[in-house]
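The values are calculated or read from the model by the stated rules, or taken from the named source; none is laboratory data. This is a predicted model, so every value here is computed, not measured. Cβ coordinates were reconstructed from backbone atoms using ideal geometry, including for glycine residues, and neighbour counts include every protein chain displayed. Note: accessible area is taken over every heavy atom of the protein model, side chains too, but ligands, DNA and RNA are not part of it. Shrake-Rupley method; radii C 1.70, N 1.55, O 1.52, S 1.80 Å.
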Amino acid sequence: MLSEIVNRRSIRAYLPQPVSRKDIETVLQAGALAPSAKNRQPWRFTVALAKKKAEALAAMAQGLEEERRRPLLPESARHLGGAVQTLAIMKQAPVVIFVTNPLGQDPRQTLNTDERVTELCNAQSLGACLENMALQATALGLGSLWICNTYFAYDALREWIGGPGALAAAMALGYAAGNPPPRPRKPLEELAEWRE
């Protein structure tokens, strides 16, 4: 098994050390090389550094406050505190990469069956993209955190990012402050059903 798969961790504490542009581009290229349904390549990257990262995170903070008042995700309100923690992690990381799906639909939009299948296929493609990025970061000695808590500040972040499509996720990137142990995994016996 690839050592990057075994050693990848979700990093929630970062050193202030900057990441080189070359390493960031290598991580982005790894994402861009992911397989995608119908080769649609439904990803676009917005790399936020320094002042622009601060702007993006201010937009996220504003969006989290708006989520408290008028929730996009009312049934997930119990997870809003986790999104606030994620924002603090993003502030530590020297790089935050926002991943949008330029072909994506607003999550509130009603979809017909064909559109829903396309959205599901694109979501799988985006998952492959983000996993490639996380594994490449590990190979470069970087830490990463795949972030979905951006949905709690969806509108504010979409406005900051601009352009067409839907916000898919974000990824914090930097040098890890510590080496967390692996998280528990379910045994294969619970996960795989063999049919012969």
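Helical runs assigned H by DSSP (4 residues or longer) give the chain a calculated mean residue ellipticity at 222 nm of -14500 deg cm²/dmol, each run adding -39500 (n - 2.57) before division by the residue total. Surface calculation, 1.4 Å probe, protein heavy atoms: F98 sits at approximately 0 Å² accessible. Amide hydrogen proximity for V95: with H placed 1.01 Å from N in the peptide plane, the residues at 5 or more positions away or on another chain lying under 5 Å are L173. Once the 1.4 Å probe is applied to the protein heavy atoms, segment 1-152 comes out at 56 Å² accessible per residue. With a/c under 1.5 counting as rounded, go ahead and sort the chain into rounded, prolate or oblate using the C-alpha gyration tensor (a ≥ b ≥ c being the square roots of the eigenvalues; past the cut-off, prolate if a/b is larger than b/c, else oblate). Because its axes are fairly even, with a/c under 1.5, the chain counts as rounded.
For K53, a cut-off of 18 angstrom between C-alpha atoms picks up these lysines, skipping any fewer than 8 places away in its own chain: K91. Spin-label pair R21-A54: with each label point 7 Å from Cα along the Cα-Cβ axis, the two points sit 2.1 nm from one another.
Given the peptides 141-151, 177-187, arrange them by the average over their residues of other C-beta atoms within 10 Å, most packed first.
For the peptides 141-151, 177-187, the packing ranking is 141-151, 177-187.
Within the full protein context, the accessible area of V19 is estimated at about 20 Å² for a probe radius of 1.4 Å.
Across the accessible surface of the chain, with the other protein chains kept in place and a 1.4 Å probe, carbon and sulfur atoms take up 53 percent. Annotation for segment 132-196 versus segment 88-104: alpha-carbon center distance of 10 Å. Stretched out fully, how many nm does the piece from L188 to S3 gain, at 0.36 nm a residue minus the Cα gap? The span from L188 to S3 would gain 64.7 nm if fully extended. The aspartates and glutamates within cross-link reach of K38, meaning a Cα-to-Cα straight distance under 20 Å and a gap of 8 or more places when in the same chain, are D114, E115, E119, E131.
May I ask you to rank K91, K51 by accessible area, largest first, using a 1.4 Å probe over the protein chains only? Could you put the intermediate results ahead of the total?
Numbers: K91 125, K51 170 Å².
Ranked from most to least accessible, the order is K51, K91.
Placing +1 on each Lys and Arg Cβ and -1 on each Asp and Glu Cβ, with no other charges, gives segment 51-138 a dipole about its Cα centre of roughly 440 debye.
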